[in-house]
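Reading through the structure tokens given below for one structure.
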Amino acid sequence: MMFFPMCESRGCTRQGTEVFRCPVCQLLFCENRGLALSVNDFTSCPRCAAMKHRDALTVGRIGPGD
């Protein structure tokens, strides 16, 4: 699992928050932003609106690496 200092979309820094990467525009955004746009298990990119299954977009969490 990868760790990130913050999400690129809102600048969220809450440790343990899931981070997603959009397959279209490559934006890193956190679950806080994605959940607001989610329908069941899918999430939409806040920049380009590409929609994918949440499991396919998850790349890590916010926090210090091990």
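The values are calculated or read from the model by the stated rules, or taken from the named source; none is laboratory data. Being a predicted model, the structure only gives us computed values, none of them experimental. Every residue, glycine among them, receives a Cβ derived from its backbone with ideal geometry; neighbour counts consider all protein chains shown. For accessibility, only protein heavy atoms count, side chains too; no ligands or nucleic acids. Shrake-Rupley method; radii C 1.70, N 1.55, O 1.52, S 1.80 Å.
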> Within the set of pairs 6 or more residues apart or between chains, which connect a residue that is under 11 Å from residue 61 (Cα atoms) inside segment 21-32 to a residue that is of a type in the set (Asp, Glu) and open to solvent by 10 Å² or more (accessible area, probe 1.4 Å) with Cβ atoms less than 7 Å apart?
Replying inline: 28/8; 29/8; 30/18; 31/18
>> Of the conditions (1) modelled with pLDDT of 90 or more; (2) open to solvent by less than 70 Å² (accessible area, probe 1.4 Å), residue 21 satisfies every one except a single condition; which number is it?
In response: (2)
>> Give all pairs with beta carbons closer than 7 Å in which a residue from segment 39-59 that is more than 12 Å from residue 23 (Cβ to Cβ) and open to solvent by 70 Å² or more (accessible area, probe 1.4 Å) meets a residue that is at pLDDT below 90 and of a type in the set (Lys, Arg); count only pairs at least 6 apart in sequence or on separate chains.
In response: 41/54; 42/52; 42/54
